[in-house]
Amino acid sequence: MNKKEISEIKKTLNPEKGIITKICGCYVDNEKNIRFTSEESFNRLSEEEAFKYFDIFKHVLSGSIGKNLMNINFSLKEEKEGGHQKFLYELRESKLNDKALLDEFYKSVVEDYVWASNYYIILIHGVYDIPGRSTDGTEIEDASENVYEYILGAICPVNLEKSGLSYNQESNSIGERVRSWVVDTPHNGFLFPAFNDRVSDVHSVLYYSKDPKNIQTSLIDRLFGEEPPETAGEQKESFNDIIKETFGEECTFEAVKTIHEEIAEIAEEAKDNPDPVVLTKAEVKAAFEKGGADKEQIDSLEEKLKEKHDNFMLNNVISTRNFEIKVPDITVKIKPEMMHLLSRKEIDGRKCLVIEINDNLEINGIPVK
């Protein structure tokens, strides 16, 4: 799914659309005991309660693609009887009315979800009548041809409120506040099937993780039966390792700066593209060549890229906001488009980082000459 497709589904998560048919829940304590389960028609919730749930659902569709949101494709074996995709498909087809399937889903989460405290599992079933679109992209509400039927899951921590003092109206006094267990925003979730090209794609699922460094790999394997994708941090580390291993002792300031400039240029050209920007192996090779890699180094690079099954997500490889340089006790950050003002020179026999400046020089907000 791309940004536009995610945004379209996210916008439907409001009371006016009325596309959610059912909501189910499962409360789990810190010892992995299921304390209770619930099933209810969503339209029977109070308006205030429904709004709080909508906020939770929208969080599952929030964040950056490739960091918080990951598109996972099912292999053919998972679509056969007994496969994970097959199970999710049957759960969707049941419209969350099959208690045995619900219990099996809850059990799967409880067995492999790593969390030290209480949490609440939420499942909803929704039916979205997809509006048609004119050639200029304008929605035509009465020209719908397809229906998108889906289930969305969210796993929310349940935390005890902080202790404190509060006013007691009955006794007209200040005393210790009664602490409640509060459902927090979700840390993990998913949308099945994916909404690709504005139609239902049962061969894919969109997975959400609030923490891009801890994506709950065991949960991904348990629910989807697929190898978890590399995290944003793992992709960045992998790319950095390729640079270091390719150039070896010849990994110069100019080489790394040029590679990042080339990738930043690709990012700038693709900034209006709603699809996740993928850095292809051909683009990586071209950036390394611009960075001064010789034939032997390029051959080494190609071997390393052959070992990598996936292409790099561009935003995971470099920061499009800052180019960061570190020496002991000093960190310099510069916008990628201003990197031409930065150079490395030897002055009076000392290696120096040189920043070209103009008359607008400030120190702690104070203009100086």
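The values are calculated or read from the model by the stated rules, or taken from the named source; none is laboratory data. Everything quoted here is computed from the prediction, not taken from an experiment. Virtual Cβ from ideal backbone geometry, glycine too; neighbours counted across all protein chains shown.
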Selected residue [surrounded by fewer than 19 Cβ atoms within 10 Å (Cβ to Cβ), modelled with pLDDT under 95 and of a type outside the set (A, V, I, L, M, F, W, C)] from Asn14, Asn33:
Asn14
When residues of the stretch 328-369 are limited to those that are assigned to a strand (DSSP E or B) and charged (D, E, K, R), the one farthest from Phe253 (Cα to Cα)
Glu362
Return the pair list, or none, for Cβ contacts closer than 8 Å from residues in the stretch 242-256 that are assigned by TED's automatic domain parsing to the domain that holds Asp294 and of a type in the set (Gly, Ala, Ser) to residues that are surrounded by fewer than 19 Cβ atoms within 10 Å (Cβ to Cβ) and not in a helix (DSSP H, G or I), at least 6 apart or on different chains.
Ala255/Gly292
Considering the stretch 62-119, residues that are among the basic types (Lys, Arg) and either under 23 Å from Glu230 (Cβ atoms) or in contact with a strand residue (DSSP E or B) (Cβ under 6 Å, 6 or more places away or on another chain) (or both), and then whichever is surrounded by the fewest Cβ atoms within 10 Å (Cβ to Cβ), we arrive at Lys77
Return a yes/no flag: does the stretch 190-203 have any residue that is closer than 25 Å to Val317 by Cα and charged (D, E, K, R).
no
Within the stretch 43-61, restricting attention to residues that are of a type in the set (A, V, I, L, M) and part of a loop (DSSP other than H, G, I, E, B), which residue is surrounded by the most Cβ atoms within 10 Å (Cβ to Cβ)?
Leu61
Out of all the residues in the stretch 53-71, is one or more touching a Cys at 6+ places or on another chain (Cβ under 8 Å) and over 30 Å from Asp272 (Cβ atoms)?
yes
Pairs please, first residue from the stretch 153-178 and closer than 30 Å to Leu102 by Cα, second anywhere and surrounded by 14 or more Cβ atoms within 10 Å (Cβ to Cβ) and of a type in the set (Ser, Thr, Tyr), Cβ atoms under 6 Å, 6+ apart in sequence or on different chains.
Ile155/Tyr119; Cys156/Tyr120; Pro157/Tyr119; Val158/Tyr119; Val158/Tyr120
Filter the stretch 18-33 down to the residues that are in a loop (DSSP other than H, G, I, E, B), farther than 13 Å from His125 by Cα and in contact (Cβ under 8 Å) with a residue 60 or more places away in the chain and list them by number.
Asp29, Asn30, Lys32
Take Ala143 and tell me if it is surrounded by 15 or more Cβ atoms within 10 Å (Cβ to Cβ), among the aliphatic types (A, V, I, L, M) and modelled with pLDDT under 90.
no
The residue that is farthest from the chain's Cα centre (by Cα), considering only those in the stretch 180-223 that are of a type in the set (Phe, Trp, Tyr) and either within 25 Å of Glu49 (Cβ to Cβ) or not assigned by TED's automatic domain parsing to the domain that holds Phe105 (or both), is Trp181
Filtering the stretch 301-314 down to residues that are surrounded by 13 or more Cβ atoms within 10 Å (Cβ to Cβ) and either in contact with a strand residue (DSSP E or B) (Cβ under 8 Å, 6 or more places away or on another chain) or at pLDDT 85 or above (or both) yields Leu301, Glu302, Lys304, Leu305, Asn311, Phe312, Met313, Leu314
If you check Val28, Val60, which single one turns out to be touching a helix residue (DSSP H, G or I) at 6+ places or on another chain (Cβ under 8 Å), β-branched (Val, Ile, Thr), at pLDDT 95 or above and in the same structural domain as Asp211 (by TED's automatic domain parsing)?
Val28
Residues of the stretch 203-215 classified as surrounded by 18 or more Cβ atoms within 10 Å (Cβ to Cβ) and modelled with pLDDT of 95 or more, total
7
Inside the stretch 28-61, the number of residues satisfying the requirement of being in contact with a Pro (Cβ under 9 Å, 6 or more places away or on another chain) and within 27 Å of Gly225 (Cα to Cα) is 4
Odd one out for Glu40, checked against (1) touching a Cys at 6+ places or on another chain (Cβ under 9 Å); (2) crowded, with 19+ Cβ neighbours inside 10 Å
(2)
Expected single match for assigned by TED's automatic domain parsing to the domain that holds Arg92, modelled with pLDDT of 95 or more, in a helix (DSSP H, G or I) and charged (D, E, K, R) among Glu104, Glu149 is Glu104
All conditions in (1) without any contact (Cβ under 8 Å) to a residue 60 or more places away in the chain; (2) closer than 24 Å to Asn2 by Cβ are true of Gln235 except (1)
